[in-house]
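The values are calculated or read from the model by the stated rules, or taken from the named source; none is laboratory data. If you're wondering where the values come from, they're calculated on a predicted model, not measured in any experiment. Using ideal geometry, Cβ is built from the backbone for each residue, glycine included, and neighbour counts are taken over all protein chains shown. Keep in mind that these areas ignore ligands, DNA and RNA; they rest on the heavy atoms of the full protein, side chains included. Shrake-Rupley method; radii C 1.70, N 1.55, O 1.52, S 1.80 Å.
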Amino acid sequence: MARDAPKQYSLLAGKPMLWHAVRAVCVPPVSAVFVVLAPGDGQFAGHDWSAFGDKVHPLYCGGETRRDSVYNALVAMTSSVDPEDWVLVHDAARPCLPPADLQQLIAEASHDTVGGILALPASDTVKIAAKDEAGIARVAGTQDRTFVWLAQTPQMFRAGLLMRALAKAPGATDESSAIEVLGLRPRLVAGSRENLKVTYPEDVAVAEGILERRA
């Protein structure tokens with residue numbers, strides 16, 4: 001994002017990006033929202049979270065990677081969360097999660113023996129790349145996009161299962177990949193393009209447009 005401040009505190013439609021991400025999941029039947037922050041985070045307390053009542057609980061235990069942050073949070077939550085409770089892991093960089101997508105994930109994953117994730121079937125042609133002798137990226141093949149889905153968040157699994165999976169998958173890039181290490185196959189729940197991940201500066205205008213249109 002090439003910004004001085006942490007991305008999650010960038011303003012979108014007058015509120016921090018993190019505020020919109022919290023609002024997206026701070027809805028029934030979610031009973032509590034644990035916000036995982038860096039140990040030295042000094043900005044969270046300076047923002048107004050009163051709109052969410054007593055549902056929001058900051059945890060200053062973030063790690064070097066997403067996997068570390070989620071694992072540390074699960075450990076910190078053990079006194080509040082039963083191993084059989086469902087947990088939704090959401091990304092602060094996805095502030096535009098549509099309510100219908102969240103409810104669909106909860107409806108489908110809660111009846112699944114493993115759990116599930118929001119994901120988007122690939123619509124573009126997917127190329128496999130390889131570099132030639134000069135270091136130039138070239139097409140090495142074409143992947144059948146029928147089998148390609150782009151992972152989103154939230155990702156929903158039982159707390160105990162997810163903790164065990166993350167303990168065995170230190171290199172996991174998302175919760176699903178950790179669950180897969182256990183030999184399990186999470187359910188894919190079709191999401192939408194509105195649930196974009198704000199990654200590049202041009203994504204900010206798109207996200208603001210979505211949020212302002214909903215307002």
Probe 1.4 Å, heavy atoms of protein chains only: per residue, the accessible area of region 1-58 in Å² is 53 Å²
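Tell me the relative contact order for the chain as a rounded percent, counting alpha carbon contacts under 8 Å between residues six or more apart.
Working: 337 pairs, mean separation 50.9, N = 215.
Rounded, it is 24 percent for the chain.
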Honestly region 87-169 on the Cα gyration tensor test (a ≥ b ≥ c root eigenvalues; a/c under 1.5 rounded, otherwise a/b vs b/c for prolate or oblate) is just prolate
Counting only protein heavy atoms and leaving out ligands, DNA and RNA, the solvent-accessible surface of C61 at a 1.4 Å probe, in Å² to the nearest 10, equals 30 Å²
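Ignoring ligands, DNA and RNA, what accessible area per residue does region 63-146 give at 1.4 Å, in Å²?
Numbers: 4730 Å² over 84 residues.
Here the per-residue accessible area is 56 Å².
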Projected onto their principal axes, the Cα atoms of the chain stretch, largest extent first, over whole-Å spans of 55, 39, 33
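Please identify every one of the chymotrypsin sites (Phe, Trp or Tyr not before Pro) in region 35-100 that sits in a loop by DSSP and has no more than 16 other beta carbons within 10 Å of its own beta carbon.
Those that pass, being in a loop and sparsely packed, are Y60.
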Non-local residues with an amide H under 5 Å from the amide H of V33, with H modelled 1.01 Å from N and Pro and chain starts lacking one, are V56, H57
Using eta = 0.890 mPa s and T = 25 °C, Stokes-Einstein with Kirkwood Rh from Cα pairs puts D for region 6-111, in µm² s⁻¹, at 168 µm²/s
With bins of 5 Å, the percent of all Cα-Cα pairs of region 116-215 per bin from 0 is 2, 11, 14, 14, 17, 17, 13, 8, 2, 0, 0
Checked against a 23 Å limit on the C-alpha separation, the offending pairs among K127/K197; K168/K197; K131/K197; K7/K127 are K168/K197; K131/K197; K7/K127
Under a 1.4 Å probe, counting only protein heavy atoms, T199 has an accessible area in Å², nearest 10, of 50 Å²
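Provide the packing ranking of 121-131, 11-21, i.e. peptides ordered by the mean count of other C-beta atoms within 10 Å per residue, highest first. Before the final figure, lay out the partial values.
Values: 121-131: 10.8, 11-21: 19.9.
My ranking of the peptides, most packed first, is 11-21, 121-131.
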Taking a ≥ b ≥ c as the square roots of the Cα gyration tensor eigenvalues, with a/c under 1.5 meaning rounded and otherwise prolate when a/b beats b/c or oblate if not, region 27-71 comes out oblate
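Summarise the accessible area of the chain (1.4 Å probe, protein heavy atoms) by the percent that is carbon and sulfur. Working shown, then result.
Numbers: 6220 of 11670 Å².
Carbon and sulfur together cover 53 percent of it.
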For the chain, the charge dipole (Cβ of Lys, Arg +1; Cβ of Asp, Glu -1; about the Cα centre) points to a positive end, and the Cα of A129, A76, P201 closest to that extreme belongs to A129
If each part is reduced to its alpha-carbon centroid, region 50-102 and region 141-205 end up apart, in Å, by 15 Å
Of all DSSP beta bridges having both residues in the chain, the percent classed as antiparallel (nearest 5) is 70 percent
